[in-house]
Amino acid sequence: MPDAEVAIIGAGLSGIGMGIALRRAGIDDFVILERAADIGGTWRDNVYPGIGVDVPAQAYQFSYALNPRWTRVFAPGAEVKDYIDGLADRYGIRRHIRLDTEVTERAWDEDARLWRLRTPTGEVTARFVVSAIGVFVDPKPVDIAGIGDFAGTVLRSSGWDHGYDLAGKRVAVIGTGASAVQLVPEIAPRTARLDVYQRTPIWVGPKPDAPIPRPVRWLFRRTPRVQNAVRRIATRGVEMVLIDLVVGHGKRPYIAHGGARLARSLWYRTQVKDPATRRKLTPRYGLGCKRPSVSNTYLRTFNRPNVTLVTDAIDRVTATGVRTADGRERAVDAIVLATGFRLASDPENFRRTPVRGRGGFDLATFYTENRLASYEGISIPGLPNHFMMFGPYGWVGGTWHQLVETTSAHVVRVIQEARRRGATAVEIRPEPTERWTGRMRDRLAGSLWTTNGCATANSYYFDHHGDTPYLRPTSAAQAARAARVFPLDDYAYTTSETRPA
Ligand SMILES: Cc1cc2nc3c(=O)[nH]c(=O)nc-3n(C[C@H](O)[C@H](O)[C@H](O)COP(=O)(O)OP(=O)(O)OC[C@H]3O[C@@H](n4cnc5c(N)ncnc54)[C@H](O)[C@@H]3O)c2cc1C
């Protein structure tokens, strides 16, 4: 018998949301293996100055666990971490969690019909595995010549060192993605000089942020139905901005084009005084090619006399500063790396922590050699009893919570069906996988990503095959319905007696 019926890998929002779904379905024999010393994933690791959600907090919560205490429309990161801690307590998840337990290898044992998970403290076996390792698995390794020679301090947006005081220091920030958009305006006033190194600009829109007044919070506490209505509206709003814009671009190209024109002519013009700097901060690719961000302070920061936008390519880091391709060196005391993450489908993740399925299937090799494919963004043939919270074409709707609720409903249905049939292994069949992935690719064929001048965006939406396998190009409502009604026979259910030869 395995140690647990289900092993969930990762104790972020996905892993905890999956655990809650299992408990609610009466499945209590599960363990959550977490490599870090605390739960919370993204919101544990990213504590840099200015961290917060860049979608409204009312949308960034589970439909069954509304938080009436969000203090702002766009909540600070610490409140999200508190929310996750509260979920683990309220739903009795903590006793299932094993901290400091990294899964360094997953191997399917066909004879024993279970997964063998290697961890530094020994093997854990489980009948089913749910991978909840997140979308941004690890910070990208830094690919800048000379970074190891720098004699000053190197800070990272992920795992920020609050012990280092930036006051009066000369600082370089490398990278201008969503994290930099949040941290640059926070640290700029404290530094003596701030150089921001930009390779590709990001679309930054206005942020409709405000404190949530106490009477409104009181109303939410007293009348959850009201808060739920607000959640639905906010979630749909995010979905419209992030998903409808992309998938519906063929039919309504004027939304992205109009939005970009408006941003250029009104917003950027009022935010950045110097026309040359403004030009450099304005993307040349279309709105939506890369995940846009929101901020009322980022663009304005470049009006400050102590802030310089550097767009010359970095040649190398020296012991004392950063040298650009034009030969100029800018001396700094500290370098902040905000250079992004390795995504969940990057084969490198699974070279480091291999996933070996049935009949020699290896996930790293599969992702390297094949265009990404899955069934409902959750299952892959060759990996029996294995589910991914976020697999190829899996990003449902506007916020992560919709994805977690939809995926966990799918996983629970399959596990319950396997139990009902007395099956010890369940594996998605190749044909439904091809059919479903084909449908998703067809839907994306006319999307904004193929038509809106995205080639220069340097966007993580495009994978190493040139595909855009992150987004599920259906509405969240369609995805939730699919989780309830997909044909259970799309999976093959076997026992050791009936397993395929
Ligand atoms: C700075 C930042 C800001 C963001 N802001 C937003 C936002 O505003 N709105 C939004 O929708 N999304 C946002 N996101 C995306 C965010 O990652 C998701 O919304 C969500 O938090 C992901 O939760 P998760 O549990 O799937 O992954 P994570 O939060 O990444 O958690 C994964 C967990 O798995 C653990 N783990 C990984 N590998 C192993 C292993 N081999 N063994 C054991 N444990 C392992 C990790 O330590 C981690 O605790 C943001 C991401 C970042 C990085």
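Distance between the modelled labels on Asp38 and Arg190, one decimal in nanometres: 1.7 nm (7 Å Cα→Cβ projection).
Calculate, in nm to one decimal, what Thr270 and Ala167 gain on full extension: separation in residues at 0.36 nm each, minus their alpha carbon distance.
In short, 34.2 nm is gained.
If we count every other residue with Cβ under 15 angstrom of Glu376's Cβ, Lys/Arg +1 and Asp/Glu -1, where does the sum land? Summing Lys/Arg as +1 and Asp/Glu as -1 gives +2. Among 398-409, 383-394, sorting by the average number of other beta carbon atoms lying within 10 angstrom of each residue, highest first, gives 383-394, 398-409. Electrostatic tally near Trp43: other residues with Cβ closer than 12 Å to its Cβ, Lys and Arg +1, Asp and Glu -1, net -3. Cβ crowding within 10 Å, taken as a proxy for footprinting-reagent exposure, orders Asp244, Asp149 from fewest neighbours to most as Asp149, Asp244. In plain terms, the C-alpha convex hull of the stretch 1-159 casts an average shadow of 12.0 nm² when viewed from every direction.
Projecting label points 7 angstrom from Cα along Cα→Cβ for Ile233 and Asp312 puts them 5.1 nm apart. Per residue, the convex hull spanned by the alpha carbons of the stretch 270-324 comes to 130 Å³.
Which of the peptides 440-446, 4-10, 218-224 is most tightly packed, and how do the rest follow, judged by the mean count of other Cβ atoms within 10 Å per residue?
Packing order, densest peptide first, comes out as 4-10, 440-446, 218-224.
Sorted ascending by nearby beta carbons within 10 Å, beginning with the fewest, Glu497, Glu417 become Glu497, Glu417. Relative to the longest principal axis of the Cα atoms of the chain, helix 430-445 runs at roughly 20 degrees. Considering the stretch 408-464, its Cα convex hull presents a mean projected area of 6.0 nm². Hey, what angle do you get for helix 13-24 against the long axis of the chain, alpha-carbon based, 0 to 90 degrees rounded to 10? Rounded to the nearest ten degrees, it is 30. Listed by chain and number, the aspartates and glutamates placed with their C-alpha closer than 16 angstrom to that of Lys140 are Asp45, Asp346, Glu348, Asp463; residues fewer than eight positions away on the same chain are left out.
Cα-based values for the stretch 98-229, radius of gyration first and Dmax second, are 22.8, 64 Å.
For the chain, a crude dipole built from +1 on the beta carbon of Lys and Arg and -1 on the beta carbon of Asp and Glu, taken about the Cα centre, is about 2160 debye to the nearest 20. Once the gyration tensor of the Cα atoms in the chain is diagonalised, the equivalent ellipsoid follows with semi-axes of 39, 25, 24 Å, ordered largest first. Could you please report the charge total around Pro432, scoring K, R as +1 and D, E as -1 over all other residues with beta-carbon less than 10 angstrom from its beta-carbon? Counting the neighbours of Pro432, the net charge comes to -3.
To the nearest 0.05, how large is the calculated FRET efficiency for Leu99 and Ala25 if R₀ is 41 Å and r is the Cβ-Cβ distance? That pair, Leu99 with Ala25, gives E of 0.95. Under 20 Å of direct C-alpha separation, and excluding same-chain neighbours fewer than eight residues apart, Lys280 reaches these lysines: Lys290. Computed over the stretch 153-277, the quotient of the alpha carbon radius of gyration and 2.2 N^0.38 Å is 1.41. Between the helical axis of 224-239 and the longest alpha-carbon principal axis of the chain there is an angle of about 70 degrees.
Centre-to-centre separation between the Cα atoms of the stretch 141-200 and those of the stretch 394-473: 35 Å. The percentage of C-alpha pairs in the stretch 266-395 whose separation is greater than 25 Å is 54%.
Readers should treat all values here as calculations from the given coordinates under stated rules, not as data from a laboratory. Every value quoted in this text rests on a predicted model; they were computed, and no experiment measured them. When we count neighbours, we look across all protein chains shown, and the Cβ atoms used for this are built from the backbone with ideal geometry, even at glycine.
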